[in-house]
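**Student:** Take a look at this one; I'll ask things after.
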Amino acid sequence: MSMQIEQQCTPLQMAPAPKAVLMAMAAMARDDGTCQPSLGVLCECTCFSRATVQRALRGLVAARLVEAKAVPGQRSAYRLTSPESTAREQMPRAEGVAA
């Protein structure tokens, strides 16, 4: 678990599902930002459905907060990247959440 990654992710403002998925991944990440959680584990940790977690992951990848690598026959590998202001601007926001 990387406390540094969790601390970097905590202040980011975004919709609840991507934030919950990002924080769950941050809690599982090694110091280099890599993790390999299954969708089932992410669903269990976030209390969101599989479809919601998949949408959240796509949004996090699109915002360049997470890099994903499909590994045939295994779980996908993820790397959490350093939050950048441009990435934060691309994340969907919950209503009423200021930038």
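Please treat every number below as a calculation from the coordinates, not as lab data. Not measured: the values here are computed from a predicted model. Glycine gets a Cβ as well: all are built from the backbone with ideal geometry, and neighbour counts include every protein chain shown.
**Student:** When both residues are 6+ apart or on different chains and their Cβ atoms are under 6 Å apart, which pairs have a first residue that lies in segment 31-58 and is more than 16 Å from PRO18 (Cβ to Cβ), and a second that is of a type outside the set (Lys, Arg) and in a strand (DSSP E or B)?
**Tutor:** Hits for this filter: GLY33/LEU80; GLN36/ALA77.
**Student:** While we're here: What are the residues in segment 54-68 that are assigned to a helix (DSSP H, G or I) and among the charged types (D, E, K, R), if any? Show your work before the answer.
**Tutor:** Restricting attention to segment 54-68, the residues satisfying the condition of being assigned to a helix (DSSP H, G or I) are 54-62.
Selection gives ARG55, ARG58.
**Student:** For VAL71, work out the one condition from (1) in a helix (DSSP H, G or I); (2) among the β-branched types (Val, Ile, Thr); (3) surrounded by fewer than 20 Cβ atoms within 10 Å (Cβ to Cβ) it doesn't fulfil.
**Tutor:** Among (1) in a helix (DSSP H, G or I); (2) among the β-branched types (Val, Ile, Thr); (3) surrounded by fewer than 20 Cβ atoms within 10 Å (Cβ to Cβ), the lone unmet condition for VAL71 is (1).
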